Every structure is written in structure tokens, then in C-alpha cells.
Amino acid sequence: MTPPDSTPSSSDSSASGAGGERKRILTGVRPTGALHLGHYVGALENWIRLQREYECFFLIADYQVSDYADDFDRVRESVWEVALDWLAVGLDPNNSHYTIESLVPEHAELTTWLGWWTPLGMLERNPTLKSEMADLEARGSVPVAFFNYPLMQVANILMPKAHLVPVGDDQLPHIEMTREIARRFNRKFDREVFPEPDALVGRVARLVGTDGDAKMSKSRNNAIFLKDDEDTVNQKVRGMFTDPTRLRATDPGHVEGNPVFIYHDAFNPDTDEVNDLKERYVAGKVGDVEVKQKLAKAINAFLDPIRERRRYFESHPEEVRAALERGSTYSREVAQATMADVRDAMQTNYLAR
Ligand code: ATP
Ligand code: MG
């Protein structure tokens, strides 16, 4: 039996290197829960589109979830949840490398070496890290490993010598850091060990949460998950934050910055319907109920094929396991080749004298 059809990709001729080999993408997710609509428009959509043009390394970053140290069950479970979601959205594991980070311990080794050329201030100034640490501090304390995670992400990206990193915009500071550290390393050892990777932000750089918060997030209880069933989606959409200044359906409403319309723009392919709703909303001629019912319908239609493929893989765990095993094994070979280059550059073959 084969899984239901998945999304085809477009063609992009710029993705080939001089020798005709595909350029590489490295990108990933933390195993902290199932994936949601924000992941889709912020990142996954680009991964799906580019998976044939580039050789893709999709990483499940289980070294980087020290903020979940008290809930390791969740991490273990989420490794599978993420793999299921990837398969469900149509990332082809036969044409890309599903990689569990800790099955490639070279990531830890490279992180250690790169730390030599990473001043503390570079991490302290990182705005994404700063705000995540503030959240963590409010809930308890910050593990040393958490402070170091952006550097580990640098090692993830440099390990397969990736050219492109498609991510949501919260990750941009980490990619800027990657470029800086690659430059420093290459300059130090006077050779081009690592390419400087480019970032690629998705169609919606940062999708707001159902509560109107700036970022839909697994941990903030404001997410619509790709695996949510129809009733759950209907209920979450019914409870969505809209225009707080609008008390009655006859009041003129605001479309700009209104989460319900941000989602309509992102997930409702019927632009005539969306434009009609917007016009009537601004004129005070449509109630939130109708806007939300149409939104829920669009999101459910978008999620239906994803749900169907997920059901297939949920009942074929051997295929999920094979994808993770095959990808991680391949990535480890690539990592060992890169580490040989790193040791060669650093001349750490001390026993060769
Ligand atoms: P956590 O809260 O555990 O960090 P997360 O939702 O931020 O979870 P990550 O695994 O950190 O998820 O991020 C995976 C990828 O998805 C990153 O490229 C990130 O930028 C992107 N992403 C996550 N949430 C959103 C969002 N709401 N809008 C756009 N992109 C997002
Ligand atoms: Mg995150």
C-alpha cells in the first residue's frame, strides 16, 4: 500500500552547484509538540516546494529542548509527532534526510569547537534568545544548554555545509550568527570549509496565534495543529480573537491586523469570498459568526488531505521508523566527512607527528 498523493514541487534552476549536484538545505524543528499552521506557512511550505531542487536535511533538534528537561516524555513523543506531521504534509523521506540530531553526535562535537570563535556577547545580544530566556526565567531558571542552543543550531547548519535555511523570521538572528561564525572559521584557517548560508522566510514570516498573540506557538495554547480534527478546528476558530473595538455586527470593523482575516488570507484560496467578507466587515455588514464559519471551512478543507496522509502513517509506524533511521544514518556519514575537513583545517591530528 502506498500513502495518499502529496504535493508536487516547482522547479528552480538556481539550486544546482557547478558540478550539477544539488545545493543543500538544512532546517529543523524542536521536538516539543505536534506542528501547527504557523509552522506550515512560516517554514514547511517552502520545504515542500524546494525538496526536489535541493538536497534537504530535515532535523529534529532533540539536543535543543533543555527547557523541557522535566518533561522528557514529551520530547520522546514529539520526535514521532514531528516525523508524522512531516510525512503528512508531503516531505518525501526517500528524497530527503529525516535526521534525529542526537543520532548524529558530531553536532555536539562541532558545537564545542565553534564555541571557540563565538564571543559570549554574540549570544547575549541575540534578540530571539533574549526573549526566550526572559520567558524561561519567569517560569524558573535557564539551563546552560539553553543558552547555547543557537550555537548548536549554527553547527546543525554548517554540518552538511548548507546553502539555504528556510525558516520563520524568529530564526533570522541565528542564521546571521551562522554566517558570522562560518566567516570567522574560514578566515582563521584560511580555507573555505563552510559556505555562508542564506535564510529564506516563508509566505507568512510569523503567524499570529488564535489569541492574537504575535506568534502561534506550541507552548502558548494558541495553536491550530495540523492534526486537529474538524470539531477541534471549528471550536478553536469560534473562540478566535478578532477586532476588539467592534462590539456589534453593525459596527464598522478593522481587517488589518485582525487574526481572523490574517488566517483567511493565509488559508482561504477563494479570494472573491475573502474580499467580499472584508468589504462587508469594514462596512459593518457581516457578523463575526459568518466570517469564522467560512474560515473554519477553509482551514478544514486545507487540512483534510494532511489528516488523511497522517492517518496512513499512524497505522504504518514501520515506515516512520525507516524514514528516521535511513535519514539519520546518511546524515551521520555526511557529518563524519565534514568533521574530517574540520580536523584537517584545525590540524588536530596530534598523533600524526
Ligand atoms: P517552541 O515554542 O517549542 O520553540 P515553535 O513553535 O517556535 O516551538 P520551532 O520548532 O522552534 O517551533 O520552530 C520550527 C520552525 O517553524 C522555525 O523555522 C520557526 O521559525 C517556524 N515557526 C514556528 N512558529 C511559527 C509561526 N507562528 N509563524 C511562522 N513560523 C513559525
Ligand atoms: Mg521556537
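The values are calculated or read from the model by the stated rules, or taken from the named source; none is laboratory data. All figures in this text were calculated on a predicted structure; none of them were measured in a lab. As a convention, Cβ positions derive from the backbone with ideal geometry for all residues, glycine included, and neighbour counts pool all protein chains shown. SASA here: full protein model, heavy atoms, side chains in, ligands and nucleic acids out. Shrake-Rupley method; radii C 1.70, N 1.55, O 1.52, S 1.80 Å.
Can you give me the accessible area per residue for segment 87-159, using a 1.4 Å probe, in Å²?
Heavy-atom SASA per residue in segment 87-159 reads 42 Å².
Pick out which of Phe225, Phe261, Phe189 has the largest mean-square fluctuation in a Gaussian network model of the chain, springs linking Cα atoms closer than 10 Å.
Residue with maximal mean-square fluctuation among Phe225, Phe261, Phe189: Phe189.
With all protein chains present, how much of the accessible area of the chain (probe radius 1.4 Å) comes from carbon and sulfur, to the nearest whole percent?
That share works out to 50 percent.
Ala43: net charge of surrounding residues, Cβ under 14 Å, Lys/Arg +1, Asp/Glu -1, itself excluded?
Surrounding charge for Ala43 is +2.
Quick query: amide H of Arg22 versus all other amide H atoms, modeled in the peptide plane; which residues come in under 5 Å with a sequence gap of 5 or more or a different chain?
Counting only residues 5 or more places away or on other chains, the set is Gly17.
What lysines does Lys278 reach when the alpha-carbon gap must be under 30 Å and sequence neighbours fewer than 8 apart in one chain are set aside?
Correct list for Lys278: Lys215, Lys218, Lys227, Lys236, Lys292, Lys294, Lys297.
May I ask you to give the solvent-accessible area per residue for segment 213-353, in square angstrom, as obtained with a 1.4 angstrom probe?
Spelled out: the 1.4 Å probe surface of segment 213-353, per residue, equals 56 Å².
Among 67-75, 145-153, how do they line up from the highest to the lowest mean number of other beta-carbon atoms within 10 Å?
Output ranking for 67-75, 145-153: 145-153, 67-75.
Remind me, what semi-axes does segment 230-309 give for its equivalent ellipsoid, largest first in whole Å, using sqrt of 5 times each Cα gyration tensor eigenvalue?
Ellipsoid semi-axes (Å, largest first): 23, 13, 9.
If I take every Cα pair under 8 Å that is 6 or more residues apart in the chain, average their sequence separation and divide by the length, what percent do I get for the relative contact order?
Result for the chain is 23 percent.
Which three extents, in angstrom, do the Cα atoms of segment 62-155 have along their principal axes, listed largest first?
41, 31, 21
What is the local net charge at Thr271, summed over the other residues whose Cβ is closer than 11 Å to its Cβ (Lys, Arg +1; Asp, Glu -1)?
Summing Lys and Arg as +1 and Asp and Glu as -1 gives -4.
Given contacts defined as C-alpha pairs under 8 Å and at least six residues apart, what's the relative contact order of segment 230-309, whole-number percent?
Here the relative contact order equals 38 percent.
Using the Kirkwood radius over Cα pairs, work out the Stokes-Einstein diffusion coefficient for the chain at 25 °C and 0.890 mPa s, in µm²/s as a whole number.
Estimated via Stokes-Einstein, D reaches 113 µm²/s.
Considering the chain as a Gaussian network with a 10 Å cut-off on Cα pairs, which listed residue, Val289, Val89, Val233, attains the greatest mean-square fluctuation?
Taking springs between Cα atoms under 10 Å, the residue moving most is Val289.
Show log10 I(q)/I(0) for segment 72-231 at q = 0.08, 0.15, 0.18 Å⁻¹, two decimals, from a solvent-free Debye sum over equal Cα scatterers.
Result of the Debye calculation: -0.28, -1.03, -1.45.
Considering the Cα trace of segment 165-315, what is its radius of gyration and what is Dmax, both in angstroms?
20.3, 68
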